[in-house]
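The values are calculated or read from the model by the stated rules, or taken from the named source; none is laboratory data. Everything numeric in this text was worked out from a predicted model, so none of it was measured. Cβ coordinates were reconstructed from backbone atoms using ideal geometry, including for glycine residues, and neighbour counts include every protein chain displayed. For accessibility, only protein heavy atoms count, side chains too; no ligands or nucleic acids. Shrake-Rupley method; radii C 1.70, N 1.55, O 1.52, S 1.80 Å.
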Amino acid sequence: MSNSLAKHILPCSSTMVGVCLTTIGLVKILENKLGASRVDEYLAFNSIIFLISAILSYIALRDSSSQRAKNHCERLADLFFIIGLCVM
């Protein structure tokens, strides 16, 4: 894998963290009218998954160690991003 994948994962996963947090806020507003739910907790968990993906892709871009370590971080970032999309 090349760093080009990490360059795509970083902005997408960061955006997904923002989407999850915005949706949590909207769910909290609607809970007053519709009653309590666990959607906000699932979205919080999902935002953590996307945050891990963003951090790993950032490390893959910034790490100056071996290419093998960069590829490993990039694969993990990709895995967490796919898991986040499936959970969402």
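For the reader, a short list of remarks on this structure follows.
- Output for segment 44-66, where each listed residue is open to solvent by less than 40 Å² (accessible area, probe 1.4 Å) and within 12 Å of LEU10 (Cα to Cα): PHE50, SER53, ALA54, LEU56, SER57, ALA60
- Any hit, segment 67-76, residues being small (Gly, Ala, Ser), surrounded by 12 or more Cβ atoms within 10 Å (Cβ to Cβ), over 12 Å from the mean Cα position of the chain (by Cα) and in a helix (DSSP H, G or I): yes
- ARG38 more than 23 Å from VAL87 (Cα to Cα) and of a type in the set (Lys, Arg): no
- Output for segment 1-60, where each listed residue is over 16 Å from LEU76 (Cα atoms) and among the β-branched types (Val, Ile, Thr): THR15, VAL17, VAL19, THR22, THR23, ILE24, VAL27, ILE29, VAL39
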